[in-house]
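Beneath this line is the structure, given in structure tokens, with notes to follow.
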Amino acid sequence: MEILRSQKKSSSDDIAVVSTLPLYRSPPQLEVRLEDFELFAIDRLRVLKGISDGLSRGKKPDEIEKLVSDLLKTHMRHSQASEVMNKDIISHFVLRLVYCRTEELRKWFLSMETTLFRYRYKLESLESQRALLAEFNLPYKVVSNAEFESVKEKLSQVARSIGHPLTSADVIFYKVPFEEVPELVAGRRVYIHKGHAYVAMNQVISLVVTQFRSNLSKALILTNRKWTFMISDKEKDRLTPIVEALSTSYLGPDYSEQKEFAEISLKDLDRVANSSFPLCMRHLFDKLREDHHLKYGGRMQLGLFLKGVGLTLDDALAFWKSEFSKKVGPERFDKEYAYSIRHSYGKEGKRVDYTAYSCQKVISSTPGVGDHHGCPYRHFSEDNLRAALCNMGVSSRAMTDVMDKVRNRHYQLACTLTFEAVHSSSCDSGINHPNQYFNDSQKILQSKANPSV
């Protein structure tokens, strides 16, 4: 696939300062191997999801700045230093394809990429920041010395009110329409006079970020149109599986089988379900015990989870048969349901070793009438969710925090807060997989049972 590389020049008449931070105005004209196409996108996605988790957990700006720096060092490096810029640009444009396809996807990508740009801009040198500002060709002029002197006292009052008194170096201000710096106006961090805001050089980031966000928002809509109407069918057939998979991809450990703890036997199921199952699996387990049946989506979600926690194939067949036989009879179970269980363990058909569903896959499912799979934090009514959380032992104080995250659609963080409330233990990495929830729960419970170990 061909992608365009942007050329960066400073508009200054002096020696051009080239920033390492691209503006992604057009895709680079490079031949990209399909393998790199996917791997680069996954690395950038790890950065964006790390930022999303940090924001959802309420990290402060200085903490987010360090987080962004660490994430970039960990995931956006390249074996060849000269290729770091290419990886940056390629990965951005690949994820544009991935996240341009729906309003919800565009909104998330726009927010995360803008946040990433904001903190990368802050990490740039002053010369590089000025070069980036010049690249946007913004129609703003530096306030003249005479005008600066006429409003200096007002500027000083604003500066003192936000804890950054003016110094002799703080003499570069831009005069811009106030509506173009809404975050500065909302925070009362600028002096406004006759419809214009006086923006200090150290606040220019607000102007740059607003422009970057506007450009990217328009570009995402345009990318969606091009993807829909202009990409050839041959190219779509080649890229669509990768593009669709990336938007719901799980980037953590493989939980196809239990590797940390001993296999879970049938006699252990009720005990560990009560102590260590996340709400999504506990709900399915309880409904199975209650109704002695689950539809296909529920069987797959719970069945692969049980496989991941260490339930053997023989025990899985015995477990499902004991429940289903109470409703459909043993003969019908053997005829209609046993095959799919053996298939999920890789013993039938193509013998694929299926992996347990990640949180992202669970959240993105759309259960219908009579279904019980999916994510309770997303699909339950508020009353039902409160009742379910209460049954898990979540206190009223923790409940408030969980419900607040649910209302803001931070479902994984809501699950993380539930885990912390139930286990009285922090989970800094966040919950990204139901089997991670189970494993982390078992570790905590075993350490409490054997404190000397």
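The values are calculated or read from the model by the stated rules, or taken from the named source; none is laboratory data. The model shown is predicted, which means the values in this text are computed figures rather than measured ones. Ideal geometry is used to build each Cβ from the backbone, glycine not excepted, and the neighbour counts take in all protein chains shown.
What to note about this one:
- Candidate set from region 189-219 (those that are hydrophobic (A, V, I, L, M, F, W, C), more than 27 Å from the chain's Cα centre (by Cα) and assigned to a helix (DSSP H, G or I)); member that is modelled with the highest pLDDT: Val204
- One residue alone among Val181, Val176, Val151 is closer than 30 Å to Leu67 by Cα and surrounded by 13 or more Cβ atoms within 10 Å (Cβ to Cβ), and that residue is Val181.
- Where a residue in region 249-269 is assigned to a helix (DSSP H, G or I) and its partner, wherever it lies, is at pLDDT 70 or above and surrounded by fewer than 16 Cβ atoms within 10 Å (Cβ to Cβ), with Cβ under 8 Å and at least six apart: Leu266/Ala318
- Criterion applied to Phe93, Phe136, Phe40 was being among the aromatic types (Phe, Trp, Tyr) and in contact with a strand residue (DSSP E or B) (Cβ under 8 Å, 6 or more places away or on another chain), and the one residue passing it is Phe93.
- Filter result (small (Gly, Ala, Ser) and surrounded by fewer than 22 Cβ atoms within 10 Å (Cβ to Cβ)) within region 265-297: Ser265, Ala273, Ser275, Gly297
Condition check ((1) surrounded by fewer than 18 Cβ atoms within 10 Å (Cβ to Cβ); (2) modelled with pLDDT of 85 or more; (3) over 25 Å from Thr416 (Cβ atoms)) across all residues:
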{"position": "Ser6", "(1), (2), (3)": "yes, no, yes"}
{"position": "Pro27", "(1), (2), (3)": "no, no, yes"}
{"position": "Glu35", "(1), (2), (3)": "yes, no, yes"}
{"position": "Ala41", "(1), (2), (3)": "no, yes, yes"}
{"position": "Asp53", "(1), (2), (3)": "no, no, no"}
{"position": "Lys60", "(1), (2), (3)": "yes, yes, no"}
{"position": "Leu72", "(1), (2), (3)": "no, yes, no"}
{"position": "His78", "(1), (2), (3)": "yes, no, yes"}
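- Identification of helices (runs of 4 or more DSSP H) wholly contained in region 73-188 with 3 or more residues that are in contact with a helix residue (DSSP H, G or I) (Cβ under 8 Å, 6 or more places away or on another chain) yields 84-99, 103-123, 126-135, 182-186.
- When the residues of region 303-357 are filtered to those that are basic (Lys, Arg) and in contact with a His (Cβ under 7 Å, 6 or more places away or on another chain), the one that is surrounded by the fewest Cβ atoms within 10 Å (Cβ to Cβ) is Lys327.
- Lys122 being assigned by TED's automatic domain parsing to the domain that holds Lys73, basic (Lys, Arg), out of contact with any Gly (no Cβ under 8 Å at 6 or more places or on another chain) and surrounded by fewer than 17 Cβ atoms within 10 Å (Cβ to Cβ): yes
- Cβ-Cβ under 7 Å pairs, at least 6 apart or on other chains, region 432-450 side without any contact (Cβ under 8 Å) to a residue 60 or more places away in the chain, far side basic (Lys, Arg): none
- Restricting region 128-148 to residues that are exposed (fewer than 15 other Cβ atoms within 10 Å of the Cβ) and among the charged types (D, E, K, R) leaves a set whose member that is farthest from Leu48 (Cα to Cα) is Glu147.
- Some residue of region 98-116 being touching a Leu at 6+ places or on another chain (Cβ under 9 Å), polar (S, T, N, Q) and buried (at least 16 other Cβ atoms within 10 Å of the Cβ): yes
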